[in-house]
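S.K.: For reference, the structure I am asking about is given below.
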Amino acid sequence: MSALPLLSIAYAPPLSYYKLLSLGSCSVEVHETFQKQTFRNRCRILTPQGVEDLVIPIEQGGRQDCPIREVRISSHDHWWTRHLQALKSAYGKSPFFEFYIDDIAPLYECGKHSFLFDFNWELMELLARLIHLPLSVEFTNSYQSAPGVPLDYREAIHPKRLEETFFPFPTYYHRFPIKGAVTSGVSIFDLLFNMGPESILVLSNCQIDLF
């Protein structure tokens with residue numbers, strides 16, 4: 001059997017992540033340890049002022065040696081309220097925000113999820129359903145060591161790495177001019193709220209260079 005693209009769990013993952021999911025079966029790494037400053041606990045949205053990162057705070061600072069399934073979400077600074085307000089500020093006037101936000105907002109209720117992995121996975125599944133993308137995902141049985149793992153995208157889809165080499169950011173409607181360079185690190189939120197039911201068509205028309 002051919003190797004499957006290997007991904008880490010992520011918070012409202014970028015378009016490049018969902019493009020890989022749309023190609024067929026993928027694997028999600030569940031035996032790694034938490035990595036700071038990655039999409040595991042942050043997503044990137046577009047605002048009229050530019051790119052904004054939304055970060056989920058982690059209890060005890062998110063130890064690097066903590067297994068990803070055991071990372072607990074902190075209630076610091078009522079992050080869930082801030083994230084919902086940021087989404088509203090960025091996309092409240094976008095064509096499909098009101099159409100989808102009532103499905104998304106309940107996941108942000110205080111205390112609904114204790115663990116980062118569980119929140120990310122439930123949100124990922126919901127967003128896939130909203131763009132009419134069937135998911136075929138396997139969880140890894142053990143940690144997959146790099147290098148040597150074919151189709152390993154765990155660190156390639158990263159806030160600090162430009163991704164145009166394998167996934168150029170697609171052109172689609174935005175209600176305001178986009179400032180600065182835009183990469184495929186932008187969350188699927190952006191596509192969903194701007195393009196609605198056409199989101200899956202945008203992904204289908206995107207080209208991606210597999211490793």
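S.K.: Loop-only check: which chymotrypsin sites (Phe, Trp or Tyr not before Pro) in region 137-210 are DSSP coil with at most 16 other Cβ within 10 angstrom?
M.R.: Answer by residue number: TYR143, TYR172, TYR173.
S.K.: Would you grab the residues whose amide H sits under 5 Å from the one on VAL186? Only those 5+ places off in sequence or on another chain, please, with H modelled 1.01 Å from N.
M.R.: HN-HN under 5 Å from VAL186: LEU15.
S.K.: Shifting gears a bit: Straight-line reach only, C-alpha to C-alpha below 21 angstrom: list the lysines that LYS112 could link to, leaving out same-chain residues fewer than 8 apart.
M.R.: By straight Cα distance, LYS112 reaches LYS88.
S.K.: Shifting gears a bit: Using a Förster distance of 30 Å, how high is the FRET efficiency between ARG72 and LYS93, based on the Cβ-Cβ distance and rounded to 0.05?
M.R.: Between ARG72 and LYS93 the formula returns 0.30.
S.K.: As an exercise, use a Förster radius of 41 Å and the Cβ-Cβ distance of LEU126 and PHE211 to find the FRET efficiency, rounded to the nearest 0.05.
M.R.: My answer for the efficiency is 0.90.
S.K.: Measuring from centroid to centroid over Cα atoms, what is the spacing of region 1-49 and region 115-143 in Å?
M.R.: Spelled out, the Cα-based centre of one part sits 9 Å from the other.
S.K.: Using the Karplus curve 6.51 cos²θ - 1.76 cosθ + 1.60 with θ = phi - 60°, what ³J(HN,Hα) values do you get for each residue of region 68-84, in whole Hz, with x for Gly and Pro?
M.R.: Computed from phi, the couplings for region 68-84 are 4, 6, 9, 6, 9, 7, 8, 8, 3, 6, 6, 4, 4, 5, 4, 5, 5 Hz.
S.K.: Sticking with this structure for a sec: What are the principal axis extents of the Cα atoms in region 69-211, in Å, biggest first?
M.R.: 45, 37, 30
S.K.: OK, next. Sum -39500 (n - 2.57) across every DSSP H segment of at least 4 residues in the chain, then divide by the residue count to get the 222 nm mean residue ellipticity, nearest 500.
M.R.: -8000 deg cm²/dmol
S.K.: Next up: Which listed residue (TRP79, GLY50, ALA10) has the Cα farthest towards the positive end of the charge dipole for the chain, taking +1 on Lys and Arg C-beta and -1 on Asp and Glu C-beta about the Cα centre?
M.R.: It is GLY50.
S.K.: Something else now. Exactly which trypsin sites (Lys or Arg not before Pro) in region 1-42 are in a DSSP loop and have at most 15 other Cβ atoms within 10 Å?
M.R.: Filter output for region 1-42: LYS36.
S.K.: Let me ask something else about it. Quick one: the Cα spread of region 14-149 along its three principal axes, in angstroms, biggest first?
M.R.: Taking the Cα atoms of region 14-149, the three principal extents are 45, 37, 28 Å.
S.K.: Shifting gears a bit: Gain in length, SER136 to GLN85, computed as 0.36 nm per residue apart minus the alpha-carbon separation, to one decimal in nm?
M.R.: Here the answer is 15.2 nm.
Every read-out reported here was derived from the displayed coordinates using simple, explicitly stated rules and does not represent laboratory data. Every value quoted in this text rests on a predicted model; they were computed, and no experiment measured them. Every residue, glycine as well, gets a Cβ built from its backbone with ideal geometry; the counts of neighbours run over all protein chains shown.
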